[in-house]
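Enquirer: Mind having a look at this structure? Questions to follow.
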Amino acid sequence: MKQRSIAVAILLSLVTCGIYGIYWFVCLTDDANLLSERTADTSGGVAFLLNLVTCGIYGIYWAYKMGEKLNAAKALRGMPTDSNSSILYLLLSIFGLGIVAWALMQNELNSMIPESAA
């Protein structure tokens, strides 16, 4: 688990025609599971496969649940939580702006990962 540059992740996702985006999606899921101490939740690989099989419908649910996981991780660290982030990620995913939601999620993850781990 390490901090990731949001600009580099977006750029690599575009340059590789989404291949890096798949890796980023998996890493976002796994990092959120670790930070929220919900290691029994769906892994990144399984979440990607479910998203693929359901033609993106699972991705909308995933975005909402990621907001809940990130809030739980913040609460564990005594950081202020935002109950609206789940709705924001959900709406961004519905309107086809999933990469924006991913960037916001990565920003929240980066704020919880210590600099020494980067």
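Enquirer: Quick one: what are the phi-derived ³J(HN,Hα) couplings along region 39-52, Karplus 6.51/-1.76/1.60 with θ = phi - 60°, whole Hz, x for glycine and proline?
Expert: So the Karplus estimates, Gly and Pro as x, are 5, 7, 5, 4, 6, x, x, 5, 4, 5, 4, 5, 5, 5 Hz.
Enquirer: Sticking with this structure for a sec: Given (1) 18.2, 54; (2) 13.3, 38; (3) 13.9, 45, which label gives Rg and Dmax of the Cα atoms in Å as computed from the coordinates?
Expert: Correct label is (2).
Enquirer: OK, next. How far apart, in nm, are two points set 7 Å out from the Cα along the Cα-to-Cβ line at Leu76 and at Ile94?
Expert: 2.9
Enquirer: Now for a separate question. If a/c stays under 1.5 just call it rounded; otherwise compare a/b with b/c (prolate if a/b is bigger, oblate if not). Do that for region 74-118, with a ≥ b ≥ c from the square roots of the Cα gyration tensor eigenvalues.
Expert: oblate
Enquirer: A follow-up question, please. Taking springs between alpha-carbon atoms closer than 10 angstrom, which of Thr16, Thr29, Thr39 fluctuates most in the Gaussian network model of the chain?
Expert: Thr16
Enquirer: With every protein chain in place, what's the accessible area of Ile19 (1.4 Å probe, Å², nearest 10)?
Expert: 110
Enquirer: Evaluate the charge dipole of the chain about its Cα centre and quote only its size in Debye, nearest 20, assuming +1 on the Cβ of each Lys and Arg and -1 on the Cβ of each Asp and Glu.
Expert: Dipole about the Cα centre, nearest 20: 40 debye.
Enquirer: At R0 = 30 Å, how high is the FRET efficiency between Lys2 and Thr42 if r is their beta carbon distance? Nearest 0.05 is fine.
Expert: Rounded to the nearest 0.05, the efficiency is 0.90.
Enquirer: To the nearest 10 Å², what's Arg4's accessible area with a 1.4 Å probe?
Expert: 30
Enquirer: Report Leu11's accessible area, 1.4 Å probe, all protein chains in place, as a number in Å² to the nearest 10.
Expert: Counting only protein heavy atoms, Leu11 exposes about 110 Å² to solvent.
Enquirer: Based solely on its DSSP helices, what 222 nm [θ] is calculated for the chain when runs of n ≥ 4 H residues each add -39,500 (n - 2.57) and the sum is averaged over all residues, nearest 500 deg cm²/dmol?
Expert: The per-residue figure over the chain is -22500 deg cm²/dmol.
The values are calculated or read from the model by the stated rules, or taken from the named source; none is laboratory data. Bear in mind the structure is a predicted one, so any value in this text is a computation, not a measurement. When we count neighbours, we look across all protein chains shown, and the Cβ atoms used for this are built from the backbone with ideal geometry, even at glycine. Surface areas here come from the heavy atoms of the whole protein model, side chains and all, with no ligands, DNA or RNA. Shrake-Rupley method; radii C 1.70, N 1.55, O 1.52, S 1.80 Å.
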